[in-house]
Amino acid sequence: MKASPLVPVPIPDRVAALIGSCMPERVLMAEMEADCAVREMELLRQPLRGAQAADRERLLSAVARANKVLAAYNPRLMILPGSGY
């Protein structure tokens, strides 16, 4: 039996800490920055007007900056459109 890619499987804190200890700090920070930006984008309502559009552009640029760092370390860590976020 195979887990569905749509259902996230929780990772225990100790396992996450072990994985994080093997990565450079800049990669961990980029991953957290991208994750936070994507979560904030989900809170924006459609249609975007004025300040919301500017906020979305700011968040997209944060994801792009983080993706540069993540891609340099491991391209599979990048956050892509339609990747579940």
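The values are calculated or read from the model by the stated rules, or taken from the named source; none is laboratory data. The structure displayed is predicted, hence computed values, not measured ones. FYI the Cβ positions are ideal-geometry reconstructions off the backbone, even for glycines, and counts take in every protein chain you see. Ligands, DNA and RNA are stripped out before the accessible areas are found, and what is left, the full protein with its side chains, is counted by its heavy atoms. Shrake-Rupley method; radii C 1.70, N 1.55, O 1.52, S 1.80 Å.
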Next on the checklist: I'd like the residue in the stretch 16-60 that is closer than 23 Å to Tyr73 by Cβ and small (Gly, Ala, Ser) and, out of all such residues, is most open to solvent (accessible area, probe 1.4 Å).
Outcome noted: Ser21
Checklist entry - How do the pairs read when you match residues in the stretch 1-20 that are assigned to a loop (DSSP other than H, G, I, E, B) with residues anywhere that are modelled with pLDDT under 65, using Cβ under 9 Å and keeping only pairs 6 or more apart or on different chains? => result Pro5/Gly84; Leu6/Gly84; Pro8/Gly84; Val9/Ala3
